[in-house]
Amino acid sequence: MAKTLFDKVWDKHVVDTITDGPQIIYIDKHLIHEVTSPQAFNELAERSIPIFRPQQIVATADHNTPTVDQHLPVKDALSRNQLKQLTENCQKNDIELYGLGHEYNGIVHVIGPELGITQPGMTIVCGDSHTSTHGAFGTIAFGIGTSQVAQVFASQCLLMNKPKKLRVNVNGKLKKGVLPKDVILYIIAKLGTNSGTGYFCEYAGNVFEEMSMEGRMTVCNMSIEMGARGGMIAPDETTFEYIKNRKFAPKGDDFEKKVAYWKTLKTDEKATFDLEYSFDAEDIEPMITYGTNPGMGIKISEAIPSLDDASFEKSLAYMNFQKGERLLNKPINYVFIGSCTNSRIEDFRVAANYIKGKQKAPNVNAWFVPGSQQVAKQIKEEGLDVIFTDAGFKLRQPGCSACLAMNDDKIPEGEYCVSTSNRNFEGRQGQGARTILASPLVAASTAVAGKIINILEETSTLELV
Amino acid sequence: MEKFERLISTAIPLPTENVDTDQIIPARFLKATDKKGFGDNVFKDWRYHKDGSINKTFVLNNSKYTGSILVAGNNFGCGSSREHAAWALAGYGFKVIISSFFADIFKGNALNNGILPVQVSEDCLKTLLQLITKKPDTKIDIDLQNQVLQIVGNVIVEKFEIDTYKKVCLINGYDDIDYLLSKKDKIIAYEQEQQF
């Protein structure tokens, strides 16, 4: 029978099927961090259940960590305790931990791929909804709750009902200045925040085939923002090239054998989907959001729509925007480039290319937060840090930072922040903070102009992107 | 896990759509390492103003509305996978959430914590919201065994769906860990098979 990419990976991981119930799905890699793991460790300890496969778990500290002075003790007592518990739990259970300051430390969805932990055909879970990121490699990867973290600790398996299958096709030629972030914001704006609930999404078409791995990760990362548990892109030469020679990637003959298998991981021509959408690349423009969920997005030059709906109006009231308003020239005091969506080397290259020779606007506070120590290192190696410093920007240390504002990186009440992160929920970046989601290019241009500008009109700089 | 079979209670209306888990429990409260105390901070930034004063316009602060059922707008629980949202709702005293649509991860987290997510049609949700908003003493009867939602003293009856396995778990208070551990042999056999 013709199978989709998703079917192929899923079916290979079915341990057992409960009649009229879920299936037992084997999990190859389990990524953990300090915020959603402590209660799971406690649960197992209380029930005297050992961790079944500690070698298949990798831990990092990212959500609740400072992005300055990481060499000093963490100031906040609760955060410090959470990090201490993670360290103790990992030591006790023989789990590899890339803690604060470690050369491999960083955001869980940045380090997995860059260390070669993430590989095609795997199942990967993490107590974080943006685990969908790893789907960029043709991986079934999805976020889980803490009870499920405990289940994977105990059995390396999860009980799951097989999701339905959705495919989103984007074909054609993207305009200059349109980045992968714009593609996914466009898709979510078209389909809505719950269009993918109950589905696993495959992204197909030449637009994704021509994207870098970093771009594919940005797209898959935001699958959950349309409700889909995960998103996937079929692995190809770009994928294999990215994985080759990474720390935990298979080497030599093993690598070649794996590649032969990975090449089989694509949707068969006759395979069918429960739901399918197609979009033209030419219709996509740089995107921004104006509301309090990622589906509330428009092309940067468009006006906010006028809907007669209480939830919509509540959202606009929170953002202090009016129906029909345009956001071009809106003064912006905060810019955040970071998060598991856009904190990889390519994102900083885009920002640096734009910023080179320009200056930060005096009204702007900009936080540039690399996704990992490895990204931070590469930024230096490529000299991007000099470009940022010359323009008046400062790089911070790796972590989730202002994406969810668990640490001190909070946007003040009432302020707008043009952010490369993934969620514009009320208070997401700090109590009363107003988030406008955008690509790293739009974020960089906002940081320079001090207001939202139409990047498509800046043709001279677009040659660089 | 606490068992759940049937609940008859008044309900609290929250018609807002797309209530995300950041609203249910803001990220700054995720620093705890146990499951206790989250109920105090459920919907914190809707219940309280930034200066700590009570937001009297928010439904949880309206003494007319009480009960352990929350009736919420479409796409409840979207966003983050944080199970803290389920702990916060349970900690506050909610045992049932009724909506026309639930986000995937939240639904699973709720079920893993003895909270029953009851999915009803858009029309039914609209009727329920209108009814309980007007008549706060309206009682809703949630019968898990028969998968029926009924308004006490009213003609409204709605069947709801639930995964058979999860239903058995809720009624008996079982959790998935018990089940998975009972399948250890099969899991080990699977691992060995994959090595060849």
Note to self: Please compute the length gained on full extension between residue B:6 and residue B:36, using 0.36 nm multiplied by the number of residues separating them and subtracting their Cα-Cα distance.
What the structure shows: 8.3 nm
Check: Under 5 Å between amide H atoms, partner at least 5 residues away or on a different chain: which partners does residue B:48 have, H built in plane at 1.01 Å?
Finding: B:55
Notebook entry, point to check: With the radius of gyration and the Kirkwood radius both derived from the Cα set of segment A:340-392, what is their ratio Rg to Rh?
Noted result: 0.95
Margin query: Viscosity 0.692 mPa s, temperature 37 °C: what is the translational diffusion coefficient of chain B from Stokes-Einstein with a Kirkwood Rh over Cα pairs, rounded to a whole number of µm²/s?
Written below: 184 µm²/s
Next item on the list: In square nanometres and to one decimal, what's the mean projected area of the convex hull around the Cα atoms of the protein assembly as shown?
Entry: 27.8 nm²
Notebook entry, point to check: If contacts are Cα pairs under 8 angstrom and at least 6 residues apart, what is the relative contact order of chain A in percent?
Noted result: 18 percent
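Could you work out what % of the accessible surface of segment B:76-186 is carbon and sulfur, using a 1.4 angstrom probe and leaving DNA, RNA and ligands out of the count?
It is 50 percent, rounded to a whole number.
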Next item on the list: Report, in cubic angstrom per residue, the convex hull volume of the C-alpha atoms of segment A:257-380.
Entry: 216 Å³
Item checked: Scattering curve values for segment A:128-237, log₁₀ I(q)/I(0), Debye with Cα scatterers, q = 0.19, 0.20, 0.21 Å⁻¹ -> -0.92, -1.00, -1.09
Check: What are the lysines whose alpha-carbon lies under 27 Å from the alpha-carbon of residue A:258, with same-chain residues fewer than 8 places away excluded?
Finding: A:3, A:8, A:12, A:29, A:162, A:165, A:244, A:247, A:266, A:270, B:186
Check: To two decimal places, what compactness ratio does segment B:155-196 give when its Cα radius of gyration is scaled by 2.2 N^0.38 Å?
Finding: 1.87
Checklist line | Residues along segment A:194-218 losing 50 Å² or more of accessible surface when the other protein chains are present rather than the chain by itself (probe 1.4 Å) | finding: A:194, A:197
Item checked: Shape metrics for segment A:1-146, restricted to C-alpha atoms - Rg then Dmax, Å -> 16.6, 58
Note to self: Can you give me the accessible area per residue for segment A:357-450, using a 1.4 Å probe, in Å²?
What the structure shows: 31 Å²
Note to self: Using only the heavy atoms of the protein chains and a 1.4 Å probe, how would B:99, A:306 rank by accessible area, largest first?
What the structure shows: A:306, B:99
Item checked: Sequence-distant residues sharing a close amide H with residue A:368 (under 5 Å, placed H) -> A:337, A:394, A:396
Next item on the list: Using a 1.4 angstrom probe, figure out how much accessible area segment B:123-196 has per residue, in square angstrom, rounded to the nearest whole.
Entry: 57 Å²
Item checked: Under 19 Å from the Cα of residue B:126 - lysines, other chains or at least 8 residues apart -> A:314, B:134, B:135, B:139, B:159
Next item on the list: Mind listing the long-range amide H neighbours of residue A:169? Cut-off is under 5 Å, sequence gap 5 or more, other chains count too, H placed in the peptide plane at 1.01 Å from N.
Entry: A:204, A:277, A:278, A:279
Checklist line | Percent RCO, i.e. relative contact order, over segment B:1-115, from Cα pairs under 8 Å lying at least 6 residues apart | finding: 36 percent
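How big is segment A:220-268 by the Kirkwood estimate over distinct Cα pairs, in Å?
Every distinct Cα pair counted, the radius reaches 12.4 Å.
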Checklist line | Solvent-accessible area buried by pairing B with A, both sides, nearest 100 square angstrom, 1.4 angstrom probe | finding: 4900 Å²
Next item on the list: May I ask you to derive the relative contact order of segment A:96-203, considering only C-alpha pairs under 8 Å and at least 6 residues apart, and to give it as an integer percent?
Entry: 17 percent
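The values are calculated or read from the model by the stated rules, or taken from the named source; none is laboratory data. Just so it is clear, the structure is predicted and the values come from calculations on it, not from any experiment. Each accessible area value is taken on the protein alone, full model and side chains, heavy atoms only, with ligands, DNA and RNA left out. Shrake-Rupley method; radii C 1.70, N 1.55, O 1.52, S 1.80 Å.
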